[in-house]
1. So who's got an amide H within less than 5 Å of the one on residue 34, skipping anything under 5 residues away but keeping other chains? H placed 1.01 Å off N, in plane.
2. Between segment 5-68 and segment 75-110, how many Å separate their Cα centres?
3. Can you tell me the FRET efficiency between residue 31 and residue 62 if r is taken as the Cβ-Cβ distance and R0 is 41 Å, rounded to the nearest 0.05?
4. Set the Förster radius R0 to 30 Å, insert the Cβ-Cβ distance between residue 106 and residue 40 as r into 1/(1 + (r/R0)^6), and round the FRET efficiency to 0.05.
5. Got a sec? Charge dipole of the chain, +1 on Cβ for Lys and Arg, -1 for Asp and Glu; which of 99, 50, 70 is way out at the positive end?
Amino acid sequence: MNRKVKVDNPFVGTWHIYDMDMWDEDYFNMETQAYVEIRADNMGDFQFGLVTGSLGGYMEKIGDIERFSFTWEGNDEMDEANGSGWLQLISENEISGMINFHLGDCSTFQARKPSE
């Protein structure tokens, strides 16, 4: 019998991107507050600037570091785009991450959970 083990995922929730190394705030917040959202099923979505995507991922441990790795597909200014990325906790309410475009740009970013 094959059973899926439920793993607590500290990345579940919405994270507002506040810094990206490749793009400035005028770009990444141009249409909406840039964000990454992860759901309990390890699926999610994101938007920054004119880039939108759906993602699917998994928890992994590299040495002492636990992170959420994902692949994504979506659009970049209405052109199909896809790639990969990861998220890593800085604190309970802050993450750092990287988003890669297949055969294209790659940017690190920082995000935090919105104040309630």
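1. Excluding prolines and chain starts, which carry no amide H, the hits are 17.
2. Spelled out, the Cα-based centre of one part sits 7 Å from the other.
3. E between residue 31 and residue 62, to the nearest 0.05, is 0.75.
4. Working: r = 28 Å, r/R0 = 0.93.
That pair, residue 106 with residue 40, gives E of 0.60.
5. 70
Since every read-out is calculated from the coordinates, none of them should be taken as a lab result. Being a predicted model, the structure only gives us computed values, none of them experimental. So basically every Cβ, Gly included, is an ideal-geometry build from the backbone, and we count neighbours across all protein chains shown.
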